Amino acid sequence: MKIIGTGSSSPSLTVSNDMLATFLDTSDEWIQTRTGIKTRQVISTERLEDLAAQACSIAIHEAGIKAEDLDYIICSNTLNEYVTPALSCILQGMLGADCPCIDLNGACAGFIYALDMADALFERGNMEHILVVCAEEPTRMVDWTKRDTCVLFGDGAGAVVLGKGEGFKSFKLSTFSNTEALYQIRKLQDTPFIKREETEGNDALVMKGQDVFKLAVNCSLNDIKDVLKLAGVKADEIDHYLLHQANMRILDTIMRYLGQSEKNFPHNIERYGNTSSASIPMLLDELNKNNKLKTGQKLVFSAFGAGFTTGACLLEWTM
Ligand code: COA
């Protein structure tokens with residue numbers, strides 16, 4: 001398969017570090033030094049499905065197809081207002097598509113997992129166009145009184161339309177079960193048959209920052225090395241490494257270990273924060289729209305997230 005269209009959308013409200021410092025014990029200096037984040041776009045008046053539909057429409061338009069031409073929609077989403085139906089089902093109606101739809105929750109690595117599923121669907125042979133959309137509102141998962149998590153995130157959506165082709169060269173996915181380092185527990189309805197302690201569920205995101213940092217660097221490096229090896233490509237031959245935008249220091253560490261330079265590690269974390277699985281397709285769309293991607297260039301995507309889920313893929317840009 002190959003990418004034939006990209007799109008992205010983000011909420012209108014820009015929240016600066018200084019704005020956060022008005023209600024949290026934090027500072028612009030701390031946040032920028034430890035994370036690289038300057039501002040993030042945060043959902044206020046928008047709904048996530050509107051952002052997602054906009055990102056999809058842009059990608060569909062660029063692909064030169066109509067929503068009715070889609071054979072499958074895969075939506076990567078960790079949390080939204082609907083427990084059911086799936087966000088992809090809602091998007092199908094908004095876009096006017098009529099294909100099967102499914103959501104997956106691969107946390108921040110969801111884009112790579114969705115691409116891998118799309119690749120398998122193309123292998124089946126009866127698909128022409130698959131839409132992968134990542135739509136996330138992590139700012140509604142965090143406790144806004146907790147400075148160690150809420151400063152890190154932003155909201156947004158990124159989408160790609162995939163068509164038949166030879167763009168993708170290799171994939172690597174890994175999952176290591178870990179419910180300690182990064183998790184969120186949702187309180188379910190009480191029943192007459194379940195009596196649990198009130199304290200058992202914490203409804204905001206919990207994160208052991210330093211553990212996640214180490215896992216992220218190690219897993220991402222292994223995945224990248226594996227996709228390079230599988231594709232028979234050297235690290236120096238990659239034009240753009242698009243990494244999950246979680247922390248600038250994570251990106252810098254991986255860049256140094258791979259012996260690469262800054263120009264090959266594009267980033268927009270400074271303007272968006274961590275938008276979970278939407279971060280790579282949003283960055284991809286930004287590079288695409290700014291004509292930074294040239295036909296034949298080699299790209300690596302690499303992401304990691306709660307699960308612990310990690311994944312990478314290597315592709316040649318064909319647009
Ligand atoms: N502002 C000011 N101080 C803060 C702060 C904030 N927003 N958040 C935490 N601190 C404080 C801590 O309370 C701690 O204070 P103490 O030393 O008095 O206890 C101090 O800063 C250092 O905290 P620490 O957790 O050691 O900082 P760190 O250098 O590890 O940076 C993260 C914290 C979260 C930025 C970093 O660990 C990280 O980015 N981890 C990966 C997170 C991630 O990628 N998550 C998403 C995965 S998909």
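Full extension of the chain between Phe213 and Asn178 gives 11.2 nm of extra length, using 0.36 nm per residue less the Cα-Cα distance.
By its C-alpha gyration tensor, with a ≥ b ≥ c as the square roots of the eigenvalues, how is the range 127-230 shaped: rounded for a/c under 1.5, else prolate for a/b larger than b/c, else oblate? Verdict is prolate for the range 127-230.
In the elastic network of the chain, a GNM with C-alpha springs shorter than 10 Å, the most mobile of Ile37, Ile238, Ile224 is Ile238. With all protein chains kept in place, the per residue accessible area of the chain amounts to 46 square angstrom at a probe of 1.4 angstrom. For the chain, with the dipole built from +1 on Lys and Arg beta-carbon atoms and -1 on Asp and Glu ones, taken about the Cα centre, which of Gln54, Ser9, Leu215 lies farthest toward the positive end? Working it through, the farthest residue towards the positive pole turns out to be Leu215. Could you check how much of the accessible area of the chain is carbon and sulfur, as a whole percent, using a 1.4 Å probe? In the chain, the share of accessible area belonging to carbon and sulfur is 49 percent. For the chain, modelled as a GNM whose springs connect Cα atoms under 10 angstrom apart, the maximal fluctuation among Leu205, Leu258, Leu242 occurs at Leu258. In summary, the helical segments of the chain meeting the span-like criteria, namely a full DSSP H run, a Cα extent along the axis of 27 angstrom or more and a mean Kyte-Doolittle hydropathy of at least -0.5, are 209-231. Straight-line cross-link partners of Lys38 among the lysines, defined as a Cα under 26 Å from its Cα and at least 8 positions apart when in the same chain: Lys146, Lys208, Lys214, Lys263, Lys289, Lys292.
For the listed peptides 103-111, 310-318, 160-168, a ranking on the average number of other beta carbons within 10 Å per residue, highest first, reads 103-111, 310-318, 160-168.
Under a 5 Å amide H cut-off, with hydrogens placed 1.01 Å from N, Ala97 pairs with nothing among residues at least 5 apart or on other chains. Based on C-alpha pairs under 8 angstrom that are at least 6 apart in sequence, the range 1-93 has a relative contact order of 35 percent. Taken one residue at a time, the phi angles of the range 152-169 give Karplus couplings (6.51, -1.76, 1.60, θ = phi - 60°) of 7, 10, x, 10, x, 9, x, 9, 9, 9, 10, x, 5, x, 10, x, 7, 9 Hz. Gly and Pro are set to x.
The values are calculated or read from the model by the stated rules, or taken from the named source; none is laboratory data. Quick caveat, the model's predicted, so the values are computed rather than measured. Reconstructed Cβ throughout: ideal geometry from the backbone, glycine too, with neighbour counts over all protein chains shown. Please note that ligands, DNA and RNA were not included when accessible areas were found on the heavy atoms of the full protein model with its side chains. Shrake-Rupley method; radii C 1.70, N 1.55, O 1.52, S 1.80 Å.
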